[in-house]
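Notes for the one structure printed next.
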Amino acid sequence: MAIGQFDGVHRGHRELVSRARRKADELGVAAGVVTFSRHPASLLRPLEEPPSLCTLHDKVEMLVESGADFVVALPVSARLLQTPPADFVTTTLLRDLQARSIVVGANFRFGHKAVGDAGLLRDIGRAHGTDVLIVDLLDVDEGPVSSTRIRGLIAAGHVHAAARLLGREHRLDSVVTAHRQDVITARFRAGVMPPAPGVYEVAVEDLTSLNRTRQTTAATIGPARSARILAPPSFARPPVDGQVRLSFLRHVREA
């Protein structure tokens, strides 16, 4: 089992899943991922909760695409956050989930007040005959790959640099609110981080169409989770209240 927040399922996260996949194949068991339904800060420090890089649904989908046979999203609750580190390992991971081997990143923290770290996890696992593999952070572009670093790049509009760390384009689903000539106006769904206001080159997909073609165009991102999308000539306009997905390719200019 690989364990972590896995926000954005970036290149470092996929390396953890790959390691878990290989170990599971060696043991002849399923490869699982343990993640969390939301960020712990949503309960502990709501005003400091970081914006998400993907929805929980997309996270699960990408983890399975990365090699997981199943994903367990633990509900983030006061009870979970107050669980002593040793109890989290012995009860949740070893007893309930029957983990045979555990894979975590070097910066993994767990248990009440996040006092548990990867080293403690390895010690507890060793005491119960369970192997724990600690994976160093992946370095890309002269720095570690982390969700925090990716958020900083997206907040600054550096979506191309963020894509190198994610291993994919940052993407957002939105709801169409209006059509006017060649412009589609849409509103981003709550919960996933939009880039800084500005004009971007994007790939657009109509999620309501059975023929989900992907076309490149320009979109102006506003300050209030809104987008004005230049409809490509052959792009069938989705209906009002329909859904479109924007994948951010590069920042073009300020709005």
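Quick note: the coordinates plus some simple rules give every number you see, no bench work behind them. Bear in mind the structure is a predicted one, so any value in this text is a computation, not a measurement. Ideal geometry is used to build each Cβ from the backbone, glycine not excepted, and the neighbour counts take in all protein chains shown.
With both residues required to sit in the chain, DSSP beta bridges show an antiparallel share near 75%.
Take the convex hull of the alpha carbons in segment 61-163; its mean projected area over all directions comes to 8.1 nm². If the segment from Val175 to Leu210 were pulled out straight at 0.36 nm per residue, it would be longer than the present Cα-Cα gap by 10.9 nm.
Based on the Cα atoms of segment 178-255, what semi-axes does the equivalent ellipsoid have, where each is the square root of 5 times one gyration tensor eigenvalue, given in whole Å with the largest first?
On the way: eigenvalues 69, 38, 29 Å².
Taking √(5λ) for each eigenvalue gives 19, 14, 12 Å, largest first.
Set the Förster radius R0 to 25 Å, insert the Cβ-Cβ distance between Thr55 and Asp123 as r into 1/(1 + (r/R0)^6), and round the FRET efficiency to 0.05. The calculated FRET efficiency here is 0.10.
What percent do you get for the relative contact order of the chain when only Cα pairs under 8 Å and 6+ apart count?
Here the relative contact order equals 17 percent.
Our Cα-only numbers for the chain put the radius of gyration and Dmax at 20.1, 67 Å.
Using alpha carbon centroids, what distance separates segment 174-203 and segment 1-37, in Å? First find each Cα centre; the distance between them is then 32 Å.
Annotation: average projected area of segment 52-99 is 4.2 square nanometres, based on the convex hull of Cα atoms across all directions.
Assuming 0.36 nm per residue, please report the length gained on full extension of the stretch Leu74 to Asp87 beyond their Cα-Cα distance. Could the numbers behind the result be given before it?
Working: separation 13, 0.36 × 13 = 4.68 nm, distance 1.48 nm.
Gain on extension, Leu74 to Asp87, equals 3.2 nm.
Placing dummy labels 7 Å off each Cα toward the beta-carbon, the span from Val252 to Ala156 is 2.3 nm.
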